[in-house]
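The values are calculated or read from the model by the stated rules, or taken from the named source; none is laboratory data. These numbers were taken from a predicted model, which means no experiment stands behind them. Note that each Cβ is placed from the backbone with ideal geometry, even for glycine, and that neighbours are counted across all protein chains shown.
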């Protein structure tokens, strides 16, 4: 048997799947699904929390604490959570395996999103913040109209690193009987089919790159050019990070 | 109005991100989130049941293909978990799976009242515990000592030893000592005096206790014993036995035969044991096999067994 990654990737059987194991396309979809659930939950918790903490400058220790979560041993925690959760959820569905998996993924995605949102808001140019206050903006307006747009590059970088981490770690879903690209890695290891194992790993890496590229494009078209520095040719000031705000302030003044 | 653009950009960023991610997730939720599909129809008992086992069970000769070929049993679904570990036991206990591939000496079978289905057609080859030893170290005294251990060791002993080291977290060395004392094998002597051995073990508790039993029995008979426990899987420790850095290890006849002869068709204890000497590397021999066995079994909960009146694997192919 020719056991290498190219043979495995070119075998139509592996794309179609077997009776009990879905093929490559289905597993990629499942993998993305686990990733999305984990990221969305982490974002819903981490993003608003990071904004509020960053704006108020309070409870910085909470961010440090969340950062500690990055060092969690994912598989160990997964098995522990499964043993805890399994008596609570009955029935044959995927839920009992999905809940522990998603808890682990959320815990891994949360620190990057929270810490980067917090740092992004904290590090907004004080002059811009003062100017906004001086114009009579409310705290809410300062946060959403000045700090948030300026913090977007860092927030995106947090979301992107969380995404990479979650895509890579979502392979552990296969350890508790779910699917995803980890299925090929664990099955290959258990059956000594190393081509399959390598194939799964290659697909995870490819998927991670593709998703990161997509997010990079989204970032390019959502972050103000004045903040990223792509605007600098037209900006007259050396510090382009404040360009967006100054531009806004200037145009605001002109309209008034 | 222009300052609104700033907010809009920020919100658009978050919204685009969320919708993009959610959309690609939803399209896949129906098709393959479990990585497995349930069977269509089927009118056997097995077709209504979900089996859980290690990932390689799907393709193993004595796994799903073997169940189909030997007994005509085809489960409705198969959930890939672990090799008789906490995932499988929990899933069976809490009803997420109905049947599981578990090892016969697992103490959780008795703890949870699981029912081991009989295997009348010997789908699972015999797995008697046997000492695998370097030929140069197997003096008559060493052989006599280890054969005395094998003569006493039973499957119930293995379950009991596992119960103590796995569930009660007792020290394997102390458990081994107590077993030797209970079986009158702790008397000191000089049978094995002058021999120096390194006893190894695989990385699971039962094997560690067995290695401790061998080591302590030999020490009591005057041998100088070094231990190298928890080495790893067979692929990891077998080279050590072949190059002489490990001299003795507790083995299981069926898997040992499979390791050196993938095509072997021997299944009964006698056949497997008889086939072993011809396939082992030249420097290794097996001593007497014990009647203690640790092998794969299809296990169901007591409720499932009563509901369908299950006693053997063959019953699973019957009508519900």
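A few remarks follow.
- Residue B:19 being at pLDDT below 60 and within 11 Å of chain A (Cβ to nearest Cβ): yes
- Here residue A:78 fulfils each of the conditions (1) more than 14 Å from chain B (Cβ to nearest Cβ); (2) surrounded by 14 or more Cβ atoms within 10 Å (Cβ to Cβ) apart from (1).
- Inter-residue pairs, beta-carbon under 7 Å, first surrounded by fewer than 16 Cβ atoms within 10 Å (Cβ to Cβ) and in region A:4-15, second assigned to a helix (DSSP H, G or I), 6+ apart: A:4/A:195; A:7/A:195; A:15/A:24; A:15/A:25
- Yes/no for residue A:244 being in a helix (DSSP H, G or I), at pLDDT below 90, crowded, with 20+ Cβ neighbours inside 10 Å and within 11 Å of chain B (Cβ to nearest Cβ): yes
Rundown of residues vs (1) surrounded by 14 or more Cβ atoms within 10 Å (Cβ to Cβ); (2) at pLDDT 85 or above; (3) more than 24 Å from the chain's Cα centre (by Cα); (4) under 25 Å from residue A:97 (Cβ atoms), yes/no style:
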residue: A:18; (1), (2), (3), (4): yes, no, yes, yes
residue: A:21; (1), (2), (3), (4): yes, no, yes, yes
residue: A:24; (1), (2), (3), (4): yes, yes, no, yes
residue: A:36; (1), (2), (3), (4): yes, yes, no, yes
residue: A:45; (1), (2), (3), (4): yes, yes, no, yes
residue: A:54; (1), (2), (3), (4): yes, yes, no, no
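- Residues satisfying the stated conditions in region B:96-130, i.e. in contact with a helix residue (DSSP H, G or I) (Cβ under 6 Å, 6 or more places away or on another chain) and over 23 Å from residue B:68 (Cα atoms): B:105, B:107, B:108, B:112, B:113, B:128, B:130
- Residue count for region B:93-117 under the criterion of being within 25 Å of residue B:154 (Cα to Cα), within 14 Å of chain A (Cβ to nearest Cβ) and in a strand (DSSP E or B): the result is 2.
- Among the residues making up region B:77-87, those that are under 22 Å from residue A:180 (Cβ atoms) and either more than 10 Å from chain A (Cβ to nearest Cβ) or assigned to a loop (DSSP other than H, G, I, E, B) (or both) are B:81, B:82, B:83, B:85.
- Candidates A:172, A:167 - the one that is crowded, with 23+ Cβ neighbours inside 10 Å, modelled with pLDDT of 95 or more, assigned to a helix (DSSP H, G or I) and more than 9 Å from chain B (Cβ to nearest Cβ): A:167
- Considering region B:228-320, the qualifying helices (runs of 4 or more DSSP H), each wholly inside and each with 2 or more residues that are assigned by TED's automatic domain parsing to the domain that holds residue B:195, within 26 Å of residue B:99 (Cα to Cα) and at pLDDT below 95, run over B:253-260.
- Total residues in region A:82-94, condition over 21 Å from residue A:30 (Cα atoms) and outside any loop (DSSP other than H, G, I, E, B): 3
- Among the conditions (1) part of a loop (DSSP other than H, G, I, E, B); (2) at the interface with chain A (Cβ under 10 Å from one of its Cβ atoms); (3) out of contact with any strand residue (DSSP E or B) (no Cβ under 9 Å at 6 or more places or on another chain), residue B:90 misses just one, which is (1).
- Any hit, region A:16-30, residues being part of a helix (DSSP H, G or I), without any contact (Cβ under 8 Å) to a residue 60 or more places away in the chain and closer than 18 Å to residue A:174 by Cβ: yes
- Residues of region B:64-74 that turn out to be in contact (Cβ under 8 Å) with a residue 40 or more places away in the chain and touching a strand residue (DSSP E or B) at 6+ places or on another chain (Cβ under 9 Å), as a count: 3
- Residue check, residue B:61 modelled with pLDDT of 90 or more and more than 9 Å from chain A (Cβ to nearest Cβ): no
- Condition check for residue A:114: away from chain B (no Cβ under 12 Å), assigned to a helix (DSSP H, G or I), touching a residue at least 12 places away in the same chain (Cβ under 8 Å) and within 17 Å of residue A:57 (Cα to Cα): yes
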